[in-house]
Amino acid sequence: MPAFICSTCGTQYPPSESPPARCPVCEDERQHIPPEGQSWTTLQRLRISHHNGFRQYEPGLIGIGTTPRFAIGQRALLVCTAQGNILWDCISLIDDATVTLINGLGGLRAIAISHPHFYTTLVDWSRAFGDVPVHLHADDAKWVRQPDPCIKFWQGERFELLSGVTLVRGGGHFPGGAMLHWAAGAEGKGVVCSADIAIVNLDRKSFSFMRSIPNFIPLSEHGVRAVATALMPLAFDRVYSHHFERVMHSGAKQNLANSVERYVAAIGGAYDGA
């Protein structure tokens, strides 16, 4: 039986004879159901109509994204270290070419995912690389659509995946929303992979924070300051957000502090009538 994938959010459901009646991820206010209604696909169909592209951002960090755009359209990141490789976040499409390329770089030691919108086909990713563990924050456990022994829930504020590679809970638009800190990145100045918890804006000089990106629901002041509280103790100069172009190459820590204050001022009415 096929494991159906929601075409809007990219979430995979357990194998079944027919598509699920609904997608709770899309029915939530942080996502949406398109005007034409819910639709479904499978990995087999995606492998015919789509392919993955790759971009090396810096030594040890490669972006992986699907073309043409599918579902939310995020890209994953492959963090390569001497201790093993980590896949940060997931995309729905996994195919033979992707597996071959990653195995050529040493395979995967583990997968870690920021929040439920990017869980996608995590079970297939794990299976493809020898049932590697998939680390999710326990606060978001109820959003797992396809339970599996490969899923390992972590708790608290930080979890060290490898020496120098740490998951940090920032919250954001999900209580367990996580980001990844790679201490050796950016020539040793430190990298944060922030997904869409701290979103690199298109000016690449500032960040934004949303409860729902498609529905334009802003995050609260408390939520934004929680993201900053999680990140500011870390050493970092560069941030990779959730799309290929959403990269802040330098000055990211100070830009984050400035962006938090600008955001809080904006939702407090600082720009009314300006």
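The values are calculated or read from the model by the stated rules, or taken from the named source; none is laboratory data. Because the structure is predicted, anything quoted here is derived from the model rather than measured. Quick reminder, even Gly has a Cβ in these numbers, built from the backbone with ideal geometry, and neighbours come from all protein chains shown.
So, residue 27, is that one under 27 Å from residue 219 (Cα atoms), more than 15 Å from the chain's Cα centre (by Cα) and not aromatic (Phe, Trp, Tyr) or not?
So residue 27 passes the test.
So the check is Cβ under 9 Å with 6+ separation or different chains; which pairs have a first residue in segment 45-74 that's under 15 Å from residue 88 (Cα atoms) and a second one that's in a helix (DSSP H, G or I) and polar (S, T, N, Q)?
54/98; 64/98
Within segment 139-194, which residues are buried (at least 20 other Cβ atoms within 10 Å of the Cβ), more than 19 Å from residue 222 (Cα to Cα) and of a type in the set (Gly, Ala, Ser)?
185, 186, 190, listed by residue number.
Look through 138, 97 and report the one residue that is closer than 19 Å to residue 161 by Cβ and of a type in the set (Gly, Ala, Ser).
138
Kindly indicate the residue of segment 80-103 that is crowded, with 23+ Cβ neighbours inside 10 Å and among the β-branched types (Val, Ile, Thr) and also nearest to residue 117 (Cα to Cα) among those meeting that condition.
Restricting to residues being crowded, with 23+ Cβ neighbours inside 10 Å and among the β-branched types (Val, Ile, Thr), the top hit is 91.
Working only within segment 202-218, note down all residues that are within 22 Å of residue 57 (Cβ to Cβ), surrounded by fewer than 16 Cβ atoms within 10 Å (Cβ to Cβ) and in contact (Cβ under 8 Å) with a residue 12 or more places away in the chain.
202, 205, listed by residue number.
Taking the conditions exactly as written (over 18 Å from residue 241 (Cα atoms), buried (at least 20 other Cβ atoms within 10 Å of the Cβ), free of Cβ contacts under 8 Å to residues at least 24 places away in the same chain and of a type in the set (A, V, I, L, M, F, W, C)), does residue 6 satisfy them or not?
It is false that residue 6 is over 18 Å from residue 241 (Cα atoms), buried (at least 20 other Cβ atoms within 10 Å of the Cβ), free of Cβ contacts under 8 Å to residues at least 24 places away in the same chain and of a type in the set (A, V, I, L, M, F, W, C).
Does segment 252-267 include one or more residues that are in a loop (DSSP other than H, G, I, E, B) and in contact (Cβ under 8 Å) with a residue 24 or more places away in the chain?
No, the conditions are met nowhere in segment 252-267.
Within the set of pairs 6 or more residues apart or between chains, which connect a residue that is more than 14 Å from residue 118 (Cα to Cα) inside segment 9-29 to a residue that is outside any loop (DSSP other than H, G, I, E, B) and polar (S, T, N, Q) with Cβ atoms less than 8 Å apart?
Note: pairs meeting the criteria are 29/212.
So, in segment 126-167, exactly how many residues are of a type in the set (Phe, Trp, Tyr) and not in a strand (DSSP E or B)?
The number of residues fulfilling the criteria is 2.
Only one of (1) surrounded by fewer than 17 Cβ atoms within 10 Å (Cβ to Cβ); (2) closer than 30 Å to residue 162 by Cα; (3) not basic (Lys, Arg) is not met by residue 17, so which one is it?
(2)
Do we have residue 251 as among the small types (Gly, Ala, Ser), out of contact with any Leu (no Cβ under 8 Å at 6 or more places or on another chain) and either modelled with pLDDT under 95 or over 30 Å from residue 27 (Cβ atoms) (or both) here?
yes
Taking strands (runs of 3 or more DSSP E) that fall entirely within segment 1-99, which contain at least 1 residues that are at pLDDT below 95, out of contact with any Cys (no Cβ under 6 Å at 6 or more places or on another chain) and farther than 20 Å from residue 214 by Cα?
Qualifying strands (runs of 3 or more DSSP E): none found.
If residue 67 satisfies all but one of (1) surrounded by fewer than 15 Cβ atoms within 10 Å (Cβ to Cβ); (2) in contact with a helix residue (DSSP H, G or I) (Cβ under 7 Å, 6 or more places away or on another chain); (3) hydroxyl-bearing (Ser, Thr, Tyr), what's the number of the condition it fails?
(2)
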